[in-house]
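Accompanying notes for the structure given below.
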Amino acid sequence: MKTPQLQSVLPSKFWKMELTREGYGRTLVELGHENSRVVVLDADLSQSTLTKYFAAEFPDRFFEMGISEQDMMNTAAGLSLTGYIPFLSSYAVFLTSRSLDQLRNTVDYTRLNVKVAAAHGGISVGRDGPSHQSMEDLSNTLVLPNMTVVVPADEPQAEAVTRWAADYVGPVYFRLGREKVPTITDGESSFEHGKAQVVIEGEDGTIIACGLMVSEAIKAAELLATEGIFPRVINVATLKPLDTNAIDAAAQQTGAIVTAEEHSIYGGLGSVVARHIAESSHRVPMRIVGIPDIYLTSGSPEELLEVAGLTAKNIAMKLKEVIKAK
């Protein structure tokens, strides 16, 4: 059965553009008022990560660690052992490379209650260039056995993830972007740990996306609808643990899958979905839309996303490929 409901869905979903890190920064302040055990650490980037809001409100619970993510990670670990709930922030590329040893051996190995909020994830950091474009942060955190990995799709979902993380006991990594993204979710109901959201119903294949690529997936569905193709669109905010029930249902009911992410084609959303599909009883044709195995250059976010093929047009093309392969 076709489900041409896009014209009613899209206008209501794309009513504004917001920063995911804005949702994080504002929610930290709310949490600070609600729970005196919440503390925040930053690596000389509070203006960018927007932990500056918490610093202004709770200067005695904010720790400026300087350009030293390794020290910050270990300090957060120590604070967690004394009963505090530490949120630490820097750019994704630094948190999952420069301080990967501390993240793995100090935080994850001992399953400490540390919340790692990584700003400027992906290539949409734009003109900062390859040294700041994080293409591998999800793969570096997904392999850690105790780590929960989350990629909010928009500002309301980032708020909900931040609030959830404060209550969850254990290490959490969540990725925040630099640029404004369309608002497609609604409040705290926008996030449930380990559960995917069906954004658009459909039976002509499935587009599974995370982060800013969820809005591109919706745009791709709109393009496909003009050709009489009506795919399912799923927002997978929690990459680990993966909602395998939603993946199984999509494979069984739609017969083809495309994943879309602002991350390397290796080790991210596409990889975890492909692994599950390969091991399941619903083996269907699949394509991964992600950053190709190259370093990009400096440029505007729009230019870089186009070069990497992270566009609605490319997602739509890949879905038509897998539908033909059914």
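The values are calculated or read from the model by the stated rules, or taken from the named source; none is laboratory data. In this text the structure is predicted, and so the values were computed from the model without any measurement. Cβ atoms come from the backbone with ideal geometry, glycine included; neighbour counts cover every protein chain shown.
When the stretch 180-223 is filtered for residues that are closer than 23 Å to I123 by Cβ, part of a helix (DSSP H, G or I) and of a type in the set (S, T, Y), only S215 remains.
Being part of a loop (DSSP other than H, G, I, E, B), of a type outside the set (A, V, I, L, M, F, W, C) and within 12 Å of C210 (Cβ to Cβ) is the requirement here; does G177 meet it? Taking the combined requirement at face value, the residue satisfies it. Taken over the stretch 227-241, the criterion of being touching a residue at least 40 places away in the same chain (Cβ under 8 Å) and either of a type in the set (A, V, I, L, M) or closer than 22 Å to H120 by Cα (or both) is satisfied by I229, N235, V236, A237, T238, L239, K240.
Annotation: G83 fulfils all but one of (1) touching a helix residue (DSSP H, G or I) at 6+ places or on another chain (Cβ under 7 Å); (2) farther than 29 Å from M135 by Cα; the unmet one is (1). Only one entry in V161, V169 is within 13 Å of the chain's Cα centre (by Cα) and either at pLDDT 95 or above or part of a loop (DSSP other than H, G, I, E, B) (or both), namely V161.
The set of residues in the stretch 66-91 that are surrounded by 18 or more Cβ atoms within 10 Å (Cβ to Cβ) and more than 22 Å from G170 (Cβ to Cβ) contains only Y91.
Here is a yes/no grid of residues against (1) within 24 Å of T141 (Cα to Cα); (2) in contact (Cβ under 8 Å) with a residue 60 or more places away in the chain:
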residue: G194; (1), (2): yes, no
residue: V198; (1), (2): no, no
residue: D204; (1), (2): no, yes
residue: A209; (1), (2): yes, yes
residue: L212; (1), (2): yes, yes
residue: A225; (1), (2): no, yes
residue: A249; (1), (2): no, no
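Looking at the stretch 1-85, the helices (runs of 4 or more DSSP H) lying wholly inside it that each contain 3 or more residues that are at pLDDT 95 or above and either among the polar types (S, T, N, Q) or assigned by TED's automatic domain parsing to the domain that holds L224 (or both) sit at 69-81. Restricting A237, A220, A260 to those that are touching a Phe, Trp or Tyr at 6+ places or on another chain (Cβ under 9 Å) and buried (at least 24 other Cβ atoms within 10 Å of the Cβ) reduces the list to A237.
Of the residues making up the stretch 289-323, those that are buried (at least 21 other Cβ atoms within 10 Å of the Cβ) and closer than 19 Å to Y266 by Cα are V289, G290, I291, L304, L305, A308, L310, I315, K318. Taken over the stretch 164-201, the criterion of being closer than 30 Å to I229 by Cα, of a type in the set (S, T, Y) and surrounded by fewer than 22 Cβ atoms within 10 Å (Cβ to Cβ) is satisfied by T183, S189.
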